[in-house]
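Report on one structure; see the data block that follows.
The values are calculated or read from the model by the stated rules, or taken from the named source; none is laboratory data. All values derive from a computational prediction rather than experimental measurement. Quick reminder, even Gly has a Cβ in these numbers, built from the backbone with ideal geometry, and neighbours come from all protein chains shown. Note: areas computed on protein heavy atoms with side chains; ligands, DNA, RNA excluded. Shrake-Rupley method; radii C 1.70, N 1.55, O 1.52, S 1.80 Å.
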Amino acid sequence: MARCYNFCAGPAALPEAVLEQARDEMLDWGGKGLSVMEMSHRSAEVVGITERAEATLRELLGISDDYAVLFVQGGASTQFSAVPLNLGYANATADYVNTGQWSKKAIAEASRFLDVNVVASSADSNFSSIPPQSEWQTNDGAAYLHYTPNETIGGVEFFWTPEGSVPLVADMSSTILSRPTDVSRFGVIYAGAQKNIGPAGLTLVIVRRDLLGNANPLTPSMLDWKLAADNESMYNTPPTYSIYLAGLVFEWLRKQGGLDAMERVNRRKAEKLYAAIDDSEFYSSPVEVPSRSLMNVAFTLADAELDKPFLVEADAAGLLNLKGHRSVGGMRASIYNAVTEAAVDALIGFMQDFAKRNG
Ligand SMILES: *Cc1c(COP(=O)(O)O)cnc(C)c1O
């Protein structure tokens, strides 16, 4: 069996050690004679798996008891409506920063429920930069301020946390756990699992408890964070197997040395890939240097005619899923926690060889 290097933006690579453990435990978890997939979510086993996953996540991110940790479903896209429904009832205006495709989707969905004030946009730079906070037109009366710390499609990342008097809400789908985060700066953090946490089907919501209990009365029960918190994420059947795998990933992160250690590796991986792009005449990055994502590296070839052969040859070399998002074109290498430095080295070697043969 030959495993390829997977640069997919999501669902993305998982740590090989985690997949091996899941394989070993597939038919019989903990001597119980059942797969985790076959167990009741109310069983002591699954409740224990869920509690351990939450505890390890709290340890990794330093999440205090002031915050509830929710394991829900529906992806980050469902949270685009859950956020205004849970936070925007008493006060029907909210501030949003527009830095790209995922910001735009969050804004469009929130606009169905309240008045959205777009406080800043990087549309003028074709979403290749982050507008400095000194230029934002924020409102002290807004219910919350929403932003997207890492735009997965454009490859643009914030390396600072916005300030403000209203609760800060972040869609961290593609940057969570890639480096340490001061959770106490946020009202709400949410993330789809399939980038940097585990398999698809699980969505993580971290919410400051004082923000619970003010949902719009029309909020569907399944989107009500307080109901999820009061029921320890077991109001209905949660995605038990995804929670189990996420828990294995959290334990794997702890074994790697936690998020400080992940940040060191992730910076090294990104720096060498951007350096290979910048050092060549053949490749270029569309993103301004200070905002280049550590997780999603977008780049273009000098001649778009070569995109197809690049992808075909990369595939043949076992380097998968490098095609950029259909909305922006070019290439994108997603180098999440589970993508090893060896994978990045192999990609750089391939890129240099391809440029030599085609430049
Ligand atoms: C992938 C992604 C989403 C969408 O996630 P789903 O789980 O598919 O709904 C939203 N925001 C960001 C930043 C993403 O990377």
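Segment 35-72 and segment 297-345 have Cα centres separated by 35 Å.
Remark: the chain carries 44 Å² of accessible area per residue (probe radius 1.4 Å; ligands, DNA and RNA excluded).
Quickly estimate the mean residue ellipticity at 222 nm for the chain, helices only: each DSSP H run with n ≥ 4 gives -39500 (n - 2.57), and the total goes over all residues, rounded to 500.
Using -39500 (n - 2.57) per qualifying helix, the result is -11000 deg cm²/dmol.
Loop exposure criterion: trypsin sites (Lys or Arg not before Pro), DSSP state outside H, G, I, E and B, at most 11 other Cβ atoms within 10 Å. Applied to the chain, the longest stretch between such sites is 113-325. Shown for segment 17-255: the carbon plus sulfur share of the solvent-accessible area, taken with all protein chains present and a 1.4 angstrom probe, equals 48%. Pairs spanning more than 29 Å between alpha-carbon atoms, out of 195/226; 104/255; 104/226; 255/356; 105/323: 104/255; 255/356.
Counting only protein heavy atoms and a probe of 1.4 Å, the accessible surface of segment 258-358 is 51% carbon and sulfur. If you average the C-alpha positions of segment 78-147 and of segment 232-267 separately, how far apart do those two centres end up, in angstrom? That distance is 28 Å.
For the chain, the antiparallel share of DSSP beta bridges with both residues in that region comes to about 55%. Helices meeting the span-like rule in the chain (full DSSP H runs, Cα extent of at least 20 Å along the helix axis, mean Kyte-Doolittle score of -1.0 or higher): 44-61, 240-255, 258-278, 341-358. Relative contact order of the chain: 24 percent, from C-alpha pairs under 8 Å at least 6 residues apart in sequence. Shape of the chain from the C-alpha gyration tensor: oblate (a/c of 1.5 or more and a/b not above b/c, with a ≥ b ≥ c the square roots of its eigenvalues). Within the chain, the longest run free of GluC sites (Glu not before Pro) that sit in a DSSP loop with at most 16 other Cβ atoms within 10 Å is 26-162.
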